[in-house]
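Notes follow once the structure below has been shown.
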Amino acid sequence: MSRLGDRLATFGGARPDALALAPGQRQRYLAMGLVLIATAAVSAAAASFALAMALKTPTWVAVIVGLCWGLVILAIDRMLVVGMPRQPRASANLLLAIPRVALALVIGVVVATPLTLQVFEREIAAETEVMVLEAKQAFEEELAADPRYDEIPALTESVAAQRALIADGGRAALAADADYVAAQAATAAAQAAYDEANRVWLAELDGTGGTGIVGDGPITQSKKLDRDGKLAALDAAKAAEADAKAQAEARIEAGSVEAVGQAEQTLAADSAELARLTAARDLEAARYDAAADQSTGMLARLDALWRIGERNSLLGYAHLMIALLFVCIELMPVLTKTLQNLMAPTAYDEVATITDDTIVAAERERAAERLRSARDESAPRLDVAEYRAGLRRESGRRVADAFVAKQEEAELAAVDEWADQRAPFIAARAVREWEQDADGAPIATAPKLG
């Protein structure tokens, strides 16, 4: 556990050498390491939720990618913390912290968004369904008003009329024949007159009407005669109606073949056009419906959450607080490090500074010593070089002198050799010359050599 704590403290930005001399700060850096791990875990969860919501990825893929994202955020947060050493001035610490806090704020917003959406998942799901239905209804209204499909209602009515005409075989035109309609009206009037006359006769017969006397008397007989006349008129009207109908059907039968053929041609053309327009409209509607059903990603969820917040101020306030909570969790390491740099130096800071100064001073001393050693070694090296150059010059002179001496020695040896070979001839000539002066005159000069 102690080794684990030391590793977490080191992970939180502590230096082992300085921490060993100031162990009182171990807990602070241990807490910093745990905070870094906690922010990374929150980031991993946020990435997993985001992938599951936006891309509909499998759970195991979302978890693996979320862990990788958490490691990336962990590395970035540790870089932000470790890369903020204490500066001698507060302004320098603030300038050093501003870009890091800004970066941490961006990361915090990115991390907080999926988590906030997950917290309000139920409310967002319900609102998203409402948004999808509203979008579909608005699109249907827009599609109905589209001028490309204005002919659909008229074509629908035309197709229905033509189909009815073909199915009826032209018999529907019978109701529009003037003679037949007039005959039907006359029959209806005769029927009404007969019904009234029959009622009056029956009432007079049973005493419930008329004179109120029961029996088949003269008045009742007269009522009966009137009823019989109306019955004859009704029979005549029905016969006239039958004749009018037969004549109308004959006229209609004559023109029904041509009317049905024309209706069939019109029906084929209208049906094809209606099918084309309807298919195009239905395809467009189906595509929009499919797109609307799939529009439940992160942007749609954010829109739904915003709409809920506009209607319900309490939920909007809760949304804001939860988002700020996750942002603050992500900002915590950088803000904590910034506040530590702005506070008075601790024992750990003093030890770290002294250690750094000692290391720098020692390295400077070593560098100066190496420089002095290099200078001391350079002078003898220069003397040796000059000495070697002198030796080379001296050896050159000696070689030249030796060559001259050898040449002189060779010349003397050649002269001696030549003299040895010339000596007998010289001696013989000297004897001959002496013999020539044998008369007694002394030799005045010695012979010259060579």
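The values are calculated or read from the model by the stated rules, or taken from the named source; none is laboratory data. Since the structure is predicted, the reported quantities are computational estimates derived from the model, not experimental observations. Cβ sites come from the backbone with ideal geometry, for glycine too, and all protein chains shown count toward neighbours. Quick note on the areas: whole protein, heavy atoms, side chains included, nothing else; ligands and nucleic acids left out. Shrake-Rupley method; radii C 1.70, N 1.55, O 1.52, S 1.80 Å.
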Taking a probe of 1.4 Å and leaving out DNA, RNA and ligands, the range 73-134 shows per residue an accessible area in Å² of 52 Å²
Probe 1.4 Å, all chains present, heavy atoms only: Tyr29 accessible area in Å², nearest 10, is 10 Å²
Between Ala361 and Arg28, the two model label points (7 Å from Cα along the beta-carbon direction) sit apart by a distance in nm of 2.4 nm
Extension length gain for Leu21 and Glu196 (0.36 nm per residue less Cα distance), in nm, is 50.1 nm
Plugging the Cβ-Cβ distance of Tyr149 and Trp60 into 1/(1 + (r/R0)^6) at R0 = 45 Å yields, to the nearest 0.05, a FRET efficiency of 0.45
For the range 20-126, the accessible surface attributable to carbon and sulfur atoms (probe 1.4 angstrom, ligands and nucleic acids excluded) amounts in percent to 77 percent
With every protein chain in place, the accessible area of Asp243 for a 1.4 Å probe, in Å² rounded to the nearest 10, comes to 90 Å²
For the range 311-318, Karplus-derived ³J(HN,Hα) couplings (6.51, -1.76, 1.60; θ = phi - 60°; whole Hz; x for glycine and proline) come out as 7, 10, 5, 5, 5, x, 5, 4
Spelling it out for Gly12: with amide H atoms placed in the peptide plane at 1.01 Å from N, the residues 5 or more places away or on another chain with amide H under 5 Å from its amide H are Gly33
